[in-house]
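**Student:** What follows is a single structure, and I will ask about it in a moment.
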Amino acid sequence: MKKILNRLQIKNDLVMAGKMYLIFLLINYSKISHHYFFGLVAFIIFFTLISKNFILKYWFWLLISLALVPGIWDSFYFTGNHIILLIYMAILFMIATYFSKFRNQVALVNAKVTLGIIMFFAVLQKLLSEEFMNGSSLAFINLKGGFFTHFQRFFPKNKEIIAENLNRIKEQASSVETLSKSIELTPVHWIIEFDTSILVPFILVAEAVFLLLLFVKNQYIRNVFFSLFAIALVFTRIETGFASLLCILLFLQAHKDHLIFKLSYIALFSVYVSLILARLGYH
Amino acid sequence: MDFKTKLIAYCSLPVLIILIATVQLYNTETSKLSRWKGGGFGMYTTINDIFHVIVVNDEVLSNVDDSKAKWKFIYNPNTKNAKDFRKHLNETMEVEKLQIFKPIFNTETNQLFYKVRYEKDFE
């Protein structure tokens, strides 16, 4: 194992993270592109093809940020949070490469703080949401098949219940008359029968632990938990888009940690991006 | 690195993210902006707004419409977005009233019902 690890090398963490980011951006850019900026995009692509060290040039990231702004501005209130995270990360790369002497340290700190802010607001939003705290939003997601999507094929009975629930929801939403009536949906259970509201404190604790672990120096506890968190995100809800970006930030925060953890984030990122490309994931 | 440089290197991005997330949180608490959108990281805290139903002149609007104006109206219903969406719909129909119905799920009885989330009368 040691021999294999010794053969693998990541020369520069920031360059590796930049490559991962650009792969994700290529998949997503068409969703948020703005036609006025096609010239700038053409220039960026041309430059990446002819330049060796483009990833370490701050103005390259400035151009990337500029190419993202109009599309995100235009769709700010209906685009996903991971798209907004895309621009934050372009700014992160820009700042890190601008301070070239300290680039890895600047990237590490900014990645950690960004992860911390995301988790802090995720917990805060959940605590403020009545629908989340009483378990109804999670129960609804489960009843309509929002959880364990790729594993439903192994639970044919659940698949049937979900299809039936979706039909009832569709029928209820078909006219104003039916909207005013209540319908009953059939609960969906995965292996163990339990109330989805039990998941509420579990999710809150998991996110709070994530936040606290950012301050923990023990790389093993920290990175094992973060890896499991990134896996759970996709295992339960196919959030491949958000999880891919999370893996890049997790990779950057592991700058001073063991190579095996960095490789695990790269592996997870590769799997998630492949799921997106194979249309088995969302982006 | 001196203090000013450190401030730019380590604080500029966090300040931007916190600022946007705080504004989003304020808007969700004081207006009808969805928790899912706007950079506040509130995904999965409510039933996704794609399950909200738009009613035009007391008739349910079909899901065929995938316009920007529709999604802006669903995720951030306010007078401006309602007017923009009406303008978009006026190409095919005369709009007098716009409503958004929100699904409410009762976990004890497993009952799903809808209540009005937003209403705009143009008469």
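The values are calculated or read from the model by the stated rules, or taken from the named source; none is laboratory data. Small disclaimer: the values here were computed from a predicted structure and weren't measured. Counting neighbours? That spans all protein chains shown, and the Cβs are built from the backbone with ideal geometry, glycine included.
**Student:** For segment A:103-122, indicate whether the set of residues that are β-branched (V, I, T), at the interface with chain B (Cβ under 9 Å from one of its Cβ atoms), over 30 Å from A:G18 (Cα atoms) and out of contact with any helix residue (DSSP H, G or I) (no Cβ under 7 Å at 6 or more places or on another chain) is non-empty.
**Tutor:** Scanning segment A:103-122 turns up no residue that is β-branched (V, I, T), at the interface with chain B (Cβ under 9 Å from one of its Cβ atoms), over 30 Å from A:G18 (Cα atoms) and out of contact with any helix residue (DSSP H, G or I) (no Cβ under 7 Å at 6 or more places or on another chain).
**Student:** So if I check each of A:F215, A:F202, A:F210, which one is crowded, with 17+ Cβ neighbours inside 10 Å and not aliphatic (A, V, I, L, M)?
**Tutor:** A:F210
**Student:** Further question on the same structure: Among the residues of segment A:215-254, write down those that are modelled with pLDDT of 95 or more, of a type outside the set (A, V, I, L, M, F, W, C) and in a helix (DSSP H, G or I).
**Tutor:** Passing the criteria: A:Q219, A:Y220, A:R222, A:N223, A:S227, A:S244, A:Q253.
**Student:** Filter segment A:155-177 for residues that are within 12 Å of chain B (Cβ to nearest Cβ) and surrounded by 14 or more Cβ atoms within 10 Å (Cβ to Cβ) and give the result.
**Tutor:** A:I161, A:N165, A:L166, A:R168, A:I169, A:Q172, A:A173, A:S175, A:V176
**Student:** Applying the selection to segment B:18-33, what residues are of a type in the set (A, V, I, L, M, F, W, C), within 12 Å of A:F121 (Cα to Cα) and at the interface with chain A (Cβ under 10 Å from one of its Cβ atoms)?
**Tutor:** B:I18, B:I20, B:A21, B:L25, listed by residue number.
**Student:** Moving on. Somewhere in segment B:89-98, is a residue facing chain A (nearest Cβ under 7 Å), touching a residue at least 24 places away in the same chain (Cβ under 8 Å) and within 16 Å of the chain's Cα centre (by Cα)? I'd like the intermediate steps shown before the answer.
**Tutor:** Applying the first criterion (facing chain A (nearest Cβ under 7 Å)) to segment B:89-98 yields none.
Taking every residue of segment B:89-98 in turn, none turns out to be facing chain A (nearest Cβ under 7 Å), touching a residue at least 24 places away in the same chain (Cβ under 8 Å) and within 16 Å of the chain's Cα centre (by Cα).
**Student:** Which is surrounded by fewer than 13 Cβ atoms within 10 Å (Cβ to Cβ) and over 20 Å from A:K19 (Cβ atoms), of A:E184, A:E239?
**Tutor:** A:E184
**Student:** May I pose another question? Determine which single condition A:L56 fails, assuming it passes every other condition in (1) at the interface with chain B (Cβ under 9 Å from one of its Cβ atoms); (2) modelled with pLDDT of 90 or more.
**Tutor:** For A:L56, the failing item is (1).
**Student:** Related question: Tell me the residue from A:S274, A:S264 that is assigned to a helix (DSSP H, G or I), among the small types (G, A, S) and under 20 Å from A:L14 (Cα atoms), please.
**Tutor:** A:S264
**Student:** Condition first: among the aliphatic types (A, V, I, L, M) and facing chain B (nearest Cβ under 7 Å). Can you find one or more residues in segment A:194-204 that meet it? Before the answer, list the steps.
**Tutor:** Going through segment A:194-204, the residues among the aliphatic types (A, V, I, L, M) turn out to be A:198-200, A:203-204.
This time we only want the ones that are facing chain B (nearest Cβ under 7 Å), so: none.
No, that holds for no residue.
**Student:** Looking only at segment A:79-134, which residues are surrounded by fewer than 21 Cβ atoms within 10 Å (Cβ to Cβ) and of a type in the set (F, W, Y)?
**Tutor:** Within segment A:79-134, A:Y98, A:F99, A:F102, A:F120 qualify.
**Student:** Right, something else. Of everything in segment B:42-79, what is part of a helix (DSSP H, G or I) and within 11 Å of another protein chain (Cβ to nearest Cβ)? Give them in sequence order. Quick ask: steps written out before the conclusion?
**Tutor:** From segment B:42-79, those part of a helix (DSSP H, G or I) are B:49-51, B:68-75, B:79; that's our starting set.
Residues satisfying the conditions are B:D49, B:I50, B:F51, B:K68, B:A69, B:K70, B:W71, B:K72, B:F73, B:I74, B:Y75.
**Student:** Of everything in segment B:1-17, what is in a loop (DSSP other than H, G, I, E, B) and within 7 Å of chain A (Cβ to nearest Cβ)? Give them in sequence order.
**Tutor:** Selection gives B:M1 alone.
**Student:** Within 14 Å of chain A (Cβ to nearest Cβ) and of a type in the set (A, V, I, L, M): does that describe B:L112? First the steps, then the outcome.
**Tutor:** Values: within 14 Å of chain A (Cβ to nearest Cβ): yes; of a type in the set (A, V, I, L, M): yes.
Spelling it out, B:L112 is indeed within 14 Å of chain A (Cβ to nearest Cβ) and of a type in the set (A, V, I, L, M).
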